[in-house]
1. Kindly indicate whether residue 191 is modelled with pLDDT of 95 or more and away from the ligand (no atom under 16 Å from the Cβ).
2. Using the structure shown, decide if residue 92 is polar (S, T, N, Q) and within 16 Å of the ligand (Cβ to nearest atom).
3. Can you pull out the residues in region 168-209 that are over 19 Å from the mean Cα position of the chain (by Cα) and not basic (Lys, Arg)?
4. Condition first: in contact with a helix residue (DSSP H, G or I) (Cβ under 6 Å, 6 or more places away or on another chain) and in contact (Cβ under 8 Å) with a residue 40 or more places away in the chain. Now tell me which residues in region 121-141 satisfy that.
5. Identify, from the list 80, 85, the residue that is under 20 Å from residue 6 (Cα atoms), touching a strand residue (DSSP E or B) at 6+ places or on another chain (Cβ under 6 Å) and modelled with pLDDT under 90.
6. Out of all the residues in region 1-21, is one or more over 22 Å from residue 219 (Cα atoms), open to solvent by 50 Å² or more (accessible area, probe 1.4 Å) and in contact with a Pro (Cβ under 9 Å, 6 or more places away or on another chain)?
7. Looking only at region 118-160, which residues are out of contact with any Asp or Glu (no Cβ under 9 Å at 6 or more places or on another chain) and within 9 Å of the ligand (Cβ to nearest atom)?
Amino acid sequence: MNVVFLGAPGAGKGTQALRVAQKLNLAHIATGDLFREALAKGTEQGKKAKPFIESGKLVPDEITIQMVLDRISAGDCKGGVIFDGFPRNLNQAEALDKALVKQQKTIDWVVYIKVSEKVLIDRLSGRWICRKCQAPYHNLFSPPKVAGKCDRCGGELYQRADDTPETVKKRLVVFESETAPLVHYYTKNGKLLEVEGEGTEDAVEGRIIDTLRKAAAKLQKK
Ligand SMILES: [Zn+2]
């Protein structure tokens, strides 16, 4: 079983991809990890990607795709794979499908973790930092005892520009515009499975595994 995980920033995609991979005994392939590994090992693709990564640019699709293909030919991917953070756009999705055909493989399912915009903004824009001692807080997950004040030193809490609701909204708009064509592509192919991403990590994991099992059972009946 080869599965792609999609989800907005803050939807818990990375966490769930890792959890579900462990539960179902699938290899977890995150492009961030691939880049780090390729750089550390100095592989051919790593050398090509290096200048882009070091200058903070996006690695070109053909390099990323080759890295992914090299990775899935490894032994631990025989039982199946969860792709986390790849494909990122339609070009990558089409290239991946073509390459998989050559290896007599296919993407079986695409799990799209859906979380409302309001919840995403609450999760992503909840981070506050103490001006004096840099202690981190989060409105939802680790709020300070007194709003706006550091528990440790009484310093004033502030938000980094990246964490303000305005910036977060912009990131979500970018995600939507990049992901909409992917969602359309996989829906058309009958592979998209939408899963409700709100609630505890355990609850979401349970929903994803349920959904994948049901989808696999349906396929077997055909
Ligand atoms: Zn402090």
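The values are calculated or read from the model by the stated rules, or taken from the named source; none is laboratory data. Model, not experiment: these values are computed from the prediction. Methodologically, a virtual Cβ is constructed for each residue, glycine included, from the backbone with ideal geometry; neighbour enumeration extends over all protein chains shown. Ligands, DNA and RNA are stripped out before the accessible areas are found, and what is left, the full protein with its side chains, is counted by its heavy atoms. Shrake-Rupley method; radii C 1.70, N 1.55, O 1.52, S 1.80 Å.
1. Numbers: modelled with pLDDT of 95 or more: yes; away from the ligand (no atom under 16 Å from the Cβ): yes.
So residue 191 fits the description; yes.
2. Details: polar (S, T, N, Q): yes; within 16 Å of the ligand (Cβ to nearest atom): no.
For residue 92, the condition - polar (S, T, N, Q) and within 16 Å of the ligand (Cβ to nearest atom) - is not met.
3. Of all residues in region 168-209, those over 19 Å from the mean Cα position of the chain (by Cα) come to 188-190.
If the condition is that a residue be over 19 Å from the mean Cα position of the chain (by Cα) and not basic (Lys, Arg), then 189, 190 are the ones that fit.
4. Residues satisfying the conditions are 121, 124, 125.
5. Working: 80 fails: modelled with pLDDT under 90.
Matching residue, one of 80, 85: 85.
6. Scanning region 1-21 turns up no residue that is over 22 Å from residue 219 (Cα atoms), open to solvent by 50 Å² or more (accessible area, probe 1.4 Å) and in contact with a Pro (Cβ under 9 Å, 6 or more places away or on another chain).
7. Initial filter on region 118-160 (out of contact with any Asp or Glu (no Cβ under 9 Å at 6 or more places or on another chain)): 118, 120-123, 133-134, 136, 138, 141-143, 146-147, 151-160.
133, 134, 151, 152, 153, 154, 155, 156, 157 - these are the residues of region 118-160 that are out of contact with any Asp or Glu (no Cβ under 9 Å at 6 or more places or on another chain) and within 9 Å of the ligand (Cβ to nearest atom).
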